[in-house]
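Please read the structure below before turning to the comments.
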Amino acid sequence: MFNDIGPLELITLVVLAVLVFGPDKLPKVIQDVTRTIRKIREFSESAKQDIRQELGPEFKDFEFEDLNPKTFIRKQLDNDELGLKEIRNGFDLKKEMAEVTDAVHGRDSDSSSSSSGAAGATVDMTKKPETPDERPPYDADAT
């Protein structure tokens, strides 16, 4: 809840509270605030229990935190019914990028494993065949 408050800001809030309420009234104010927060939490929990009872047994595993879109999506993606974990684990981005880079640069991606004498017999489909500087035919009607 207060993850973004640093130590300097916390000290500033304490000094400000002492100045506003005074050192004599500050403990009573802190007790009143904590009592109010406790009552709000109790009211919230009782409201959650009432809603769960009204929804019935088919919603027994319903969590109010699931109403947060990020939590809902994370929970659905972690569900293994769709087989997404297998797809996610089977996909190696570094390997795929290396293969694409090798294909773009015209290198053989398996050059270390297939460096036997048959390297000259393979045909590289990614490179254009080398031809002499031959210009394509000129079509006067097409221009």
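The numbers here are math on the coordinates, done by the rules we state, and not lab data. Everything numeric in this text was worked out from a predicted model, so none of it was measured. FYI the Cβ positions are ideal-geometry reconstructions off the backbone, even for glycines, and counts take in every protein chain you see.
Listing for the model above:
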| quantity | calculated |
| --- | --- |
| Two-site label geometry, ARG107 and ASP61: point separation in nm, points 7 Å out along Cα→Cβ | 4.9 nm |
| Separation of the ALA98 and ARG74 label points, Cα + 7 Å toward Cβ, nm | 3.2 nm |
